[in-house]
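To start, the structure under review is shown below, and the notes come after it.
The values are calculated or read from the model by the stated rules, or taken from the named source; none is laboratory data. Keep in mind that what you see is a predicted model, and the values were worked out from it rather than measured. All Cβ positions, even for glycine, are placed from backbone atoms using ideal geometry, and neighbour counts span all protein chains on display.
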Amino acid sequence: MSDYIIVTDSNADLLPEYCKQHNIVEMELTYTLDDKTYRCNDPSLSRHEFYDYMRGGKMPITAQINMEETNNKLIPILEEGKDILCIMFSSGLSGSYNSVRIVGEELQGKYPDRKIVVIDSLCASLGEGLLVDKAVTRKEKGMSLEDNAQRVQEDMPHLCHYFTVADLFHLHRGGRVSATAAVFGSMLGIKPVLHVDDEGHLIPLSKVRGRKASLLALVDNMEKLIDRKNCDKFFISHGDCLDDAKFVAEEVKKRFGFHDCMINYVGPTIGAHSGPGTVALFFMGKHR
């Protein structure tokens, strides 16, 4: 069985200590704020500070992973004689997957004895993170790269993403809702519930009135779709609203009895489009 490393990108929103513990190599996306460019995990600007800038009206500009970053992360792994299983942010939301795929093909020609598998996760935030987590668990139990890659593909149609936002204007800026919907929805306290579909695109699902109702709607959707046979944990990401994330977590624990949960921030390169106050729930379901 080949020795391989699992690689992902910073849009998986995994905790840094988790990546270190499980020897995950993470490629970082970048964003620009006030004419200064930051890596996603740049310690000079905390997640709270980032979202405070957005609350103050700042609009970050994001960039996909470039080929130089990809080479810098992948070549040292190959030089060590190890293979690569790379699980990337949805191609329906970014060009990063395609950039990494192209580099992977080029490196495969230069390192013909190594295996490089690059997968378009069709997932986002801790949905991508949960997909990586399942792959890590299988790897640590001894599963081969080839079998693990196949299982990742099998998991993808069942990785459910449900989220809500506090402010419709950020979705409008990203083209997800019209200006009229953003204005009137905000005036009426309308909160959208969205999900990521089978093609990895962001899709509005329903609308509810009020913040608490929108948070409960996430768990209601989980109740409808959960695959109890294959779901033993859930992940939650948030746009600097930890109390709301904890509220959702407690509701999930109360309804389903789960206690294995990761909660983390929505990182800057996704948060730039979803905004402060985003709460997202991820779990394994019968379908997306």
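Only strands (runs of 3 or more DSSP E) whose full extent lies in the stretch 30-120 are considered here, and the ones with at least 2 residues that are assigned by TED's automatic domain parsing to the domain that holds A149 and farther than 21 Å from E146 by Cα are 30-33, 36-39, 61-63. Just one residue in the set L159, L126, L122 is touching a Cys at 6+ places or on another chain (Cβ under 7 Å) and either of a type in the set (D, E, K, R) or within 30 Å of K212 (Cα to Cα) (or both); that residue is L159. Hey, does the stretch 139-151 have a residue that's among the aliphatic types (A, V, I, L, M), in a strand (DSSP E or B), at pLDDT 95 or above and touching a strand residue (DSSP E or B) at 6+ places or on another chain (Cβ under 7 Å)? The answer is no, given that none of the residues of the stretch 139-151 is among the aliphatic types (A, V, I, L, M), in a strand (DSSP E or B), at pLDDT 95 or above and touching a strand residue (DSSP E or B) at 6+ places or on another chain (Cβ under 7 Å).
Kindly check whether there is at least one residue in the stretch 234-251 that is at pLDDT below 95 and farther than 20 Å from V196 by Cβ. Taking every residue of the stretch 234-251 in turn, none turns out to be at pLDDT below 95 and farther than 20 Å from V196 by Cβ. Within the stretch 200-223, does at least one residue satisfy the condition of being modelled with pLDDT of 95 or more, within 18 Å of L159 (Cβ to Cβ) and not in a helix (DSSP H, G or I)? So far as the stretch 200-223 goes, no, none of its residues is modelled with pLDDT of 95 or more, within 18 Å of L159 (Cβ to Cβ) and not in a helix (DSSP H, G or I). Restricting the search to the stretch 232-288, which residues are of a type in the set (V, I, T) and surrounded by fewer than 19 Cβ atoms within 10 Å (Cβ to Cβ)? Answer for the stretch 232-288, where residues must be of a type in the set (V, I, T) and surrounded by fewer than 19 Cβ atoms within 10 Å (Cβ to Cβ): just I263. Does E26 count as in contact with a Cys (Cβ under 6 Å, 6 or more places away or on another chain) and assigned by TED's automatic domain parsing to the domain that holds R151? Yes: the conditions hold for E26. Considering M67, M88, which residue is touching a helix residue (DSSP H, G or I) at 6+ places or on another chain (Cβ under 7 Å) and surrounded by fewer than 13 Cβ atoms within 10 Å (Cβ to Cβ)? After ruling out the rest, the residue left standing is M67.
For the stretch 245-268: of the residues being β-branched (V, I, T) and over 15 Å from the mean Cα position of the chain (by Cα), which is nearest to K212 (Cα to Cα)? In this case the residue turns out to be V248. Just one of (1) touching a residue at least 12 places away in the same chain (Cβ under 8 Å); (2) outside any loop (DSSP other than H, G, I, E, B) fails for K254. It is (1).
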